[in-house]
Amino acid sequence: MTGDGWFLDESRYWVPGSESGAYPVRQGDLIAGFAAEGGDWAAAQIVHPTCDLGKPSVEKIQVARVRPLSALSDDFSRSLVTAGYREVDGRRKVAVAHTSFLAPWSDGGEPSFVNFREIASIDRRAASQESRIVTMAHDCRVAWMRRWIYFRLRLPISYGRVREMEAMRISADPMFEGPKPAWAAPDG
């Protein structure tokens, strides 16, 4: 990721498939599509809750629709989603804040984006290790959360600050499952 860019380098998006089983299904992960309002969804991204999928009280989760970049009508629209910014009158402004770029998750796969305006509530059991397409890496989840916070609250928080907050949350959570990022260790 560049200094204040929205998105990471594509190589830092996803946990390698061989390591994915060590991670519980959580926010940011992509799951196989389903029929929802507005037609069939090829894929969906878990947007709520985060690590709470395992809690018995969680019966429904929210997912956002994932679409290929090629679904956008022109190269200009695709470039706005890919960059997340747009230059207007010599100033850089956030562009299409309701989207977040997703790097390809398979060899030869197509870049995609998640549309935060296309939300569905589904049964928690629909998000499982078996239905998960790909596991989001911790660093990428931080970049994704930063974009989600901006979309929901219009707060321009830096990547570093979001990572600090996530590190505090993870290191204080005795129920955290799966490998922890090095930056969430007590001395990280």
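The values are calculated or read from the model by the stated rules, or taken from the named source; none is laboratory data. Please read all numbers here as calculations on a predicted model, not as lab measurements. As a convention, Cβ positions derive from the backbone with ideal geometry for all residues, glycine included, and neighbour counts pool all protein chains shown.
Any idea which of R141, R125, R163, R152 is among the charged types (D, E, K, R) and closer than 12 Å to V25 by Cα?
Checking each option against the conditions leaves just R125.
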| message | Looking only at the range 114-146, filter to residues that are in a loop (DSSP other than H, G, I, E, B) and either free of Cβ contacts under 8 Å to residues at least 12 places away in the same chain or not polar (S, T, N, Q) (or both); which one of those is surrounded by the fewest Cβ atoms within 10 Å (Cβ to Cβ)? | response | E130
| request: Looking for whichever is of a type in the set (G, A, S) and surrounded by 14 or more Cβ atoms within 10 Å (Cβ to Cβ) here; the options are S18, S100. Which one fits? | output: S100
| task | Grab the strands (runs of 3 or more DSSP E) fully contained in the range 29-113, keeping just those with 3 or more residues being free of Cβ contacts under 8 Å to residues at least 12 places away in the same chain. | result | 85-88, 91-94
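May I ask you to verify whether W6 is buried (at least 16 other Cβ atoms within 10 Å of the Cβ), out of contact with any helix residue (DSSP H, G or I) (no Cβ under 7 Å at 6 or more places or on another chain) and either more than 20 Å from Y159 (Cα to Cα) or not basic (K, R) (or both)?
no
Does R125 fit the bill of being at pLDDT below 95, among the charged types (D, E, K, R) and over 18 Å from S11 (Cβ atoms)?
Yes: the conditions hold for R125.
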| remark: Within the range 21-64, restricting to residues that are hydroxyl-bearing (S, T, Y) and surrounded by fewer than 17 Cβ atoms within 10 Å (Cβ to Cβ), the one that is nearest to H138 (Cα to Cα) is T50
